[in-house]
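Colleague: The structure follows.
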Amino acid sequence: MKASIQTAREDFPITERVTYLASCGSSPLPKRVAEASKAYYDNRMVGDRLDLDTVFKKGKSEAAKLINAREDEIAFVKGTTEGINTVASMMDYRPGDNIVLADVEFTSNVYPWMRAAKHENLELRVVKSRNDGIWPEDYEKLVNDHTRVVAISDVQMANGFKCDLKEISRIAHSHGAYLAVDVIQSAGTMQVDSRNPEFDFMVAGSHKWLLGPSGMGFLFVRRDLIERFEPVFIGPWQEDFVYSAPIDFTFRPYKLSTTARRFELGGHPNIPGVIGFVEALTYINEIGKENIERKNMKLFELVIENIERQGLSIPDWATQPGYRSSYIGYKSSQGVREVKEKAEKNGVVIAPSRTILGDRVRIAPHFFCSEEEVVRAVEVLGQIERGVQITPAVA
Ligand SMILES: Cc1ncc(COP(=O)(O)O)c(C=O)c1O
């Protein structure tokens, strides 16, 4: 049976136990994703073989559908960190180049660029976050004709701030820089369109809003850039062979695939991970990205409304539609670990974070959450912050 937004809650056994508001950290698996990966091990026990070509093809077509791309622009990778490293390490840097990124980026989108800067003798230009966000005018000041890459997250891990990607893309491209975007905090919960704005590189891990296993993700490389780059790590199956074809292991020069497959590190893949990820992408596309976005925006509005009612402080951008994602990190009056523990005792799972913005309590509902439980959860958090007796949940 096809999945639907109306019955989605039933697909998540976790909803019977807790109010899960930590999808920006990692999401619970839908039943059918867990079952798909489990089935692989069951079949492997009895020696069944799998048509991997079909699995990969299906997965890439689902990923392409999700981000409005072409199948041949998608590579499966071991998550965001690997995807960003692939891009940062193969870039065609020129003497005197610089890389522009923000001080609030998650480490996965910082260290690979720091390493590239160190080894390629590049300048790292760091945009300073202001008012809990990152703003195009600050990019305008730092991006110039020597900028090779603007590396950015569509939505910031620390607090859920959604940047003005259209404007930042315009700035990067007007100087001939590549735009490399980490979409792990937006793909699967908000619309991400590889053509609008035009992305050069895009990466997302599967374990958050995409509802898949850890250690999987996709890397998008725009069609006309694919053959311009050669990944630093290479191995078998990065050529234009299919898994089912007899492979030529004779000693000969390699010829990388002309599709994004060339960026998919060769050797035997993490098959249960791939299977789970493909199932998760299929599931999300069945539910429908518009339906997911609509529901998650509604839940976000409820969170904001109730956070304000509880007297918790939120940044200004959270009330402006252009900068909202589907979660928010607020500043707690207490230690975030303590808040997390107290909330869990009351059936609410949140995601703490510690970054240059300080400690935050992140409230990140996904479409399997109900409006009622989200309202109650924010009330519980308000009571924890005020140190008052917590109202028990109504069964
Ligand atoms: C913005 C951002 N990028 C990257 C990552 C790491 O992704 P992965 O585990 O897929 O490498 C995270 C969190 O885990 C994140 O929040």
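Colleague: Going through segment 106-124 one residue at a time, which ones are in contact with a helix residue (DSSP H, G or I) (Cβ under 7 Å, 6 or more places away or on another chain) and under 22 Å from Gly358 (Cα atoms)?
Modeller: Ser108, Asn109
Colleague: Look at segment 307-361 and say how many of its residues are on the phi > 0 side of the Ramachandran plot and among the polar types (S, T, N, Q).
Modeller: The qualifying residues number 0.
Colleague: For segment 1-29, name all the residues that are acidic (Asp, Glu) and either assigned by TED's automatic domain parsing to the domain that holds Gln185 or under 22 Å from Glu290 (Cα atoms) (or both).
Modeller: Across segment 1-29, the qualifying residues are Glu10, Asp11.
Colleague: Continuing with this model, one more query. Kindly evaluate Gly235 against the criterion of being modelled with pLDDT under 95, out of contact with any helix residue (DSSP H, G or I) (no Cβ under 6 Å at 6 or more places or on another chain) and within 30 Å of Ala34 (Cβ to Cβ).
Modeller: When the stated conditions are applied, Gly235 passes them.
Colleague: Moving on to the next point. Within segment 86-103, restricting attention to residues that are within 16 Å of the ligand (Cβ to nearest atom) and either among the acidic types (Asp, Glu) or part of a helix (DSSP H, G or I) (or both), which residue is surrounded by the fewest Cβ atoms within 10 Å (Cβ to Cβ)?
Modeller: Asp103
Colleague: Within segment 1-37, take every residue that is assigned to a loop (DSSP other than H, G, I, E, B) and among the aliphatic types (A, V, I, L, M) and give me the one that is farthest from the ligand (Cβ to nearest atom).
Modeller: Residue satisfying both the conditions and the ranking: Met1.
Colleague: Please work out if Val203 is within 20 Å of Val150 (Cβ to Cβ) and within 16 Å of the ligand (Cβ to nearest atom).
Modeller: yes
Colleague: Turning to a different aspect of this structure: So which of Val203, Val181, Val104, Val127 is under 18 Å from the mean Cα position of the chain (by Cα) and without any contact (Cβ under 8 Å) to a residue 40 or more places away in the chain?
Modeller: Step by step, each of Val203, Val181, Val104, Val127 is checked, and only Val181 is under 18 Å from the mean Cα position of the chain (by Cα) and without any contact (Cβ under 8 Å) to a residue 40 or more places away in the chain.
Colleague: Can you pull out the residues in segment 38-85 that are part of a loop (DSSP other than H, G, I, E, B) and away from the ligand (no atom under 15 Å from the Cβ)?
Modeller: Hits for segment 38-85 are Val46, Gly47, Asp48, Arg49, Leu50, Asp51, Asn68, Ala69, Arg70.
Colleague: Within segment 222-253, how many residues are in contact with an Asp or Glu (Cβ under 8 Å, 6 or more places away or on another chain) and surrounded by fewer than 12 Cβ atoms within 10 Å (Cβ to Cβ)?
Modeller: Residues flagged as in contact with an Asp or Glu (Cβ under 8 Å, 6 or more places away or on another chain) and surrounded by fewer than 12 Cβ atoms within 10 Å (Cβ to Cβ) within segment 222-253 amount to 2.
Colleague: Would a scan of segment 345-362 turn up a residue that is in a helix (DSSP H, G or I) and surrounded by fewer than 19 Cβ atoms within 10 Å (Cβ to Cβ)?
Modeller: The answer is yes; a qualifying residue exists.
Residues are listed down the side, and each one gets a yes or a no for (1) more than 12 Å from the ligand (Cβ to nearest atom); (2) at negative phi:
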site: Ser169; (1), (2): yes, yes
site: Ser174; (1), (2): yes, yes
site: Val183; (1), (2): no, yes
site: Val192; (1), (2): yes, yes
site: Phe199; (1), (2): yes, yes
site: Lys208; (1), (2): no, yes
site: Gly215; (1), (2): no, no
site: Arg228; (1), (2): yes, yes
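Colleague: Does segment 304-315 contain at least one residue that is within 19 Å of Ala377 (Cα to Cα), of a type in the set (S, T, N, Q) and part of a helix (DSSP H, G or I)?
Modeller: Yes, segment 304-315 has at least one match.
Colleague: Further, regarding this structure: Name the residue, out of Asp154, Asp145, that is surrounded by fewer than 19 Cβ atoms within 10 Å (Cβ to Cβ) and either of a type in the set (Asp, Glu) or within 16 Å of the ligand (Cβ to nearest atom) (or both).
Modeller: Asp145
Colleague: Let me ask another. Kindly establish whether Arg148 is within 23 Å of Leu225 (Cβ to Cβ) and either in the same structural domain as Met297 (by TED's automatic domain parsing) or not β-branched (Val, Ile, Thr) (or both).
Modeller: Yes: the conditions hold for Arg148.
The values are calculated or read from the model by the stated rules, or taken from the named source; none is laboratory data. The structure presented is a predicted model; accordingly, all values stated were derived computationally and were not measured. Because the Cβ atoms are built from the backbone with ideal geometry, glycine has one as well, and the counts that use them run over all protein chains shown.
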